[in-house]
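The values are calculated or read from the model by the stated rules, or taken from the named source; none is laboratory data. What you see is a predicted model; the values in this text were computed from it and never measured. With ideal geometry, Cβ positions are generated from the backbone for all residues, glycine too; neighbour counts draw on all protein chains shown. Note: areas computed on protein heavy atoms with side chains; ligands, DNA, RNA excluded. Shrake-Rupley method; radii C 1.70, N 1.55, O 1.52, S 1.80 Å.
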Amino acid sequence: MGYILLATLTTLSITCFSQGDVNIDLKKFEWLTGSWNRTNISKSGRTAYELWSKKENGMFTGHGGVLQGRDTIFKERFCILAKDNAIYYVADVPENKQVVYFKVTEINDLGFICENSEHDFPKKIEYTFDGVQLKAQISGNGKYVDYLFLKQK
């Protein structure tokens with residue numbers, strides 16, 4: 001099991017750090033950097049977070065997790081990269097055997113939408129920031145899940 005996790009994380013690292021397209025400017029994602037604490041987690045004793053950083057090559061990498069006390073019960077990794085003249089949000093979650101690419105279909109100064117109609121769920125990921133609160137929504141097949149975050153100071 002540990003080997004599979006290591007292989008998956010290595011694959012994501014290679015994917016996130018070896019891809020790039022200098023013709024695409026990723027600066028519109030800079031607002032995403034930092035540590036975000038989830039505010040709408042429903043189970044008592046649990047906390048959740050996302051942590052995003054900008055790399056020297058302009059790409060953004062992150063990871064998120066859910067903790068029960070001090071124990072990590074869920075962990076995911078993600079990145080935003082330029083590839084083939086497009087921008088992608090790449091997710092590595094335990095439920096998937098391989099990383100999943102979501103193509104960014106809309107972007108502005110405080111948000112973006114990315115989609116992959118071939119993926120089972122989610123098919124769409126949307127991040128929006130109102131200057132105070134970050135909202136990440138995943139959706140597909142008639143289902144929606146909202147994740148609300150505040151930036152850690």
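Odds and ends about this structure:
- Leading residue by the ranking (farthest from the chain's Cα centre (by Cα)) among those in segment 135-147 that are of a type in the set (A, V, I, L, M) and closer than 19 Å to residue 29 by Cα: 138
- Total residues in segment 25-41, condition closer than 12 Å to residue 80 by Cα and open to solvent by 50 Å² or more (accessible area, probe 1.4 Å): 4
- Residue count for segment 117-135, restricted to those that are touching a Ser or Thr at 6+ places or on another chain (Cβ under 8 Å) and in contact (Cβ under 8 Å) with a residue 60 or more places away in the chain: 2
- If you go through segment 89-106 and keep only what is surrounded by 14 or more Cβ atoms within 10 Å (Cβ to Cβ) and either outside any strand (DSSP E or B) or in contact (Cβ under 8 Å) with a residue 40 or more places away in the chain (or both), you end up with 90, 92, 93, 99.
- Every residue from segment 84-120 that is closer than 17 Å to residue 52 by Cα and of a type in the set (Lys, Arg): none
For (1) outside any loop (DSSP other than H, G, I, E, B); (2) open to solvent by less than 40 Å² (accessible area, probe 1.4 Å), each residue gets a yes or a no:
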| residue | (1), (2) |
| --- | --- |
| 43 | no, no |
| 47 | yes, no |
| 51 | yes, no |
| 58 | no, yes |
| 65 | yes, yes |
| 72 | yes, no |
| 75 | yes, no |
| 80 | yes, yes |
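- Restricting segment 107-134 to residues that are surrounded by fewer than 17 Cβ atoms within 10 Å (Cβ to Cβ) and either within 12 Å of the chain's Cα centre (by Cα) or small (Gly, Ala, Ser) (or both), the residue that is nearest to residue 80 (Cα to Cα): 117
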